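None of the figures in this text is laboratory data; all of them are computed from the coordinates on show. Since the model is a prediction, treat every value here as computed from it, not as a measurement. Don't worry about glycine lacking a Cβ; one is built from the backbone with ideal geometry, like all the others, and counts go over all protein chains shown.
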Amino acid sequence: MSDDRAFLIRGVDVQQLLEYRKAVIHDSSKADRRPQMSGAWNGDDEAILLFGDKQTTIGGRNHLNAMQTLLASFIACDIDVVAMNASFLGIKIENLVIEASGFFNVQSYIGAAATPGSGYKEIEYKVRLKAQGITEEQVKQLIEKCEKASPVGDSLSRPVPLKLEFITS
């Protein structure tokens, strides 16, 4: 496997990833994840989010809001899905862009109406991939991965139970 294939997924060692995939095939628990994150209100209109030693801000005038971040997470996940699977197929990506948009109504969120749900009702997206020599069969495989293997796409496409515990002091 050549070094330029590893480069396709932002410096991730493709051989190492293939070995990990083989280990997961033998023991699916090696693929289990349970991230834990916390967030705090900054007293203004931003949320400060912490994940281990990483910190980011969502909301406010200078950052993506939560719904934009959800769309951004979906795009970022599918970019990773396409880049990783293209590298497995030996496809050298020259350019990869994903564009997405979604519709939602905030009546319930702002308390203007008791309408059901204020989340995305639909999300549309386009993958623009430039790769010399890519075959129709390879494109079909990448489409299937986007539709079936994207963790964020999967989470958005089905009901995910939310278990709320509300603590006051």
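When the chain is treated as a Gaussian network with alpha carbon springs shorter than 10 Å, the biggest mean-square fluctuation among R33, R128, R158 belongs to R33. Taking every full run of DSSP H in the chain, the ones that stretch at least 20 Å from end to end by Cα along their long axis and average 0.0 or higher on the Kyte-Doolittle scale are 66-88. Model label sites at A23 and K54, defined 7 Å from Cα along the beta-carbon direction, differ in position by 2.0 nm. Ranked by how many other Cβ atoms sit within 10 Å of their own Cβ, fewest first, the residues T168, T115, T56 fall in the order T168, T115, T56.
Which percent, to the nearest 5, of DSSP beta bridges fully inside the range 1-134 are antiparallel?
For the range 1-134, the DSSP antiparallel bridge percentage is about 100.
Sites counted here are GluC sites (Glu not before Pro) in a DSSP loop (not H, G, I, E or B) having no more than 11 other Cβ atoms within 10 Å; the longest part of the chain that contains none of them is 1-93. Distance between the modelled labels on A66 and K92, one decimal in nanometres: 4.5 nm (7 Å Cα→Cβ projection). Applying 1/(1 + (r/R0)^6) with r as the Cβ-Cβ distance of Y109 and W41 and R0 = 25 angstrom yields a FRET efficiency of 0.95. Straight Cα distances below 28 angstrom link K30 to the lysines K22, K54, K140, K145, K148, K163, with same-chain residues fewer than 8 positions distant left out.
The fewest-to-most ranking of K140, K145 by surrounding Cβ atoms within 10 Å reads K140, K145. Would you tally the net charge around S150, using a Cβ to Cβ cut-off of less than 11 Å, leaving S150 out, and scoring K and R as +1, D and E as -1? Residues close to S150 contribute a combined charge of -3.
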